[in-house]
Amino acid sequence: MTKQTETTNHEIDIDAVSKKVKGFISGINDSFFDGILFIKRYFIVVIALILVGGGYGFYTDKNSNLYQHSIIVTPNFGSVDYLYEQVKGLNGKVIQGDKKFLNEIGISEGQYVAKIEVEPIVDIYNFINEENGLNIISTENVKYFTFRQISDKRDMTEVLEEQATAKNYKNHVITITTSQQADKKTFVQPVLDYLNSSSYFKEVQTEAVKNLDIKIAENDSMVKQSNEILSHMSQNNGHGSNTVLLNEKTGLNDILVIKDQLIRQQAANKVKRIDYSSIIKESASMLNVKKISILSGKMKFIYPLVLLGLFFAIMSFRKYYTKQMNKRNDIVQD
């Protein structure tokens, strides 16, 4: 008797599930057919919305392009903070739409500028290996051990990209975003001219260039003296015995090391002399790079879907409202 009851209950459960599945499939089928009837009823409206949305989306895709102009710069004379603050101020003027100010600094088409920003070019290896003075061959690299200690306590990526660390990198990139293509003189050059207009840093630049020229001249003189000493030692060794004394070997090694350091420093100074030609020295630029986003070129498809979605939502709400009102009217009449 118990087995028969369990079998009967099991059959009932299967029948109930089967009916639910059939009801679900029937509901999907009814909804699909209702959709066909809806489109058939409002066919002209649906086509009109697709055409209007597609046309407006095509126009938007064609006229809403953004272009990025990137300038790699080297801030000299301790002007990193100055660079970041000036770019921040320029971007503020762009956001405010201060066309008068932008026109005063040479950007006559300021209405096309969307954003100006600056960020460091993270190059930790170049920073750590950067040569300073005559300690360039020292095995004790203070920068390396400093970063190593920091990374032991914090996330290294976070440390490398934060503002305090960014000030120590040599190169930075200024990015100007505009709504139209442009040549260098339209946007890029006015920004560079504005950044290089500081009277304070111009004075610092003058003194720094003088000091660098003096250092280059002195290093040239020291290299010349090193060559003379080496030549003299070579001549003395040639006229004397074939054996070089220990102290002479030591002195020769010191002179060679110093000469090598001086030559390396001279090479770095001559490159630095080129960088010192500007407060914010431009090293490279890339213009009119089209900015691509996830929605770029897709508005011709998105707008029709949005319009159709709104239309379906409005009609569904209208149907729901009518149904509920009729339901309440029937209750009142009863």
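The values are calculated or read from the model by the stated rules, or taken from the named source; none is laboratory data. Owing to the predicted nature of the structure, the values given are computational and were not obtained by experimental measurement. So basically every Cβ, Gly included, is an ideal-geometry build from the backbone, and we count neighbours across all protein chains shown.
Structure above, values below:
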quantity	calculated
Residues (closer than 15 Å to T177 by Cα and in contact (Cβ under 8 Å) with a residue 60 or more places away in the chain) located in the range 77-101	V87, L90
Any pair with Cβ under 8 angstrom, 6 or more apart, that starts in the range 166-179 at a residue that is at negative phi and ends at one that is in a loop (DSSP other than H, G, I, E, B) and of a type in the set (G, A, S)	S179/S64
Condition check for K291: under 24 Å from the mean Cα position of the chain (by Cα), under 30 Å from L195 (Cα atoms), loosely packed, with under 15 Cβ neighbours inside 10 Å and at pLDDT below 85	yes
Answer residue from the range 186-209, given it is among the charged types (D, E, K, R) and free of Cβ contacts under 8 Å to residues at least 24 places away in the same chain and is farthest from E85 (Cα to Cα) among those	E207
Residue pairs meeting the criteria (Cβ under 7 Å; at least 6 apart or on separate chains; first in contact (Cβ under 8 Å) with a residue 60 or more places away in the chain and closer than 16 Å to L83 by Cα, in the range 271-292; second among the aromatic types (F, W, Y) and not in a strand (DSSP E or B))	I279/F77; I279/F201
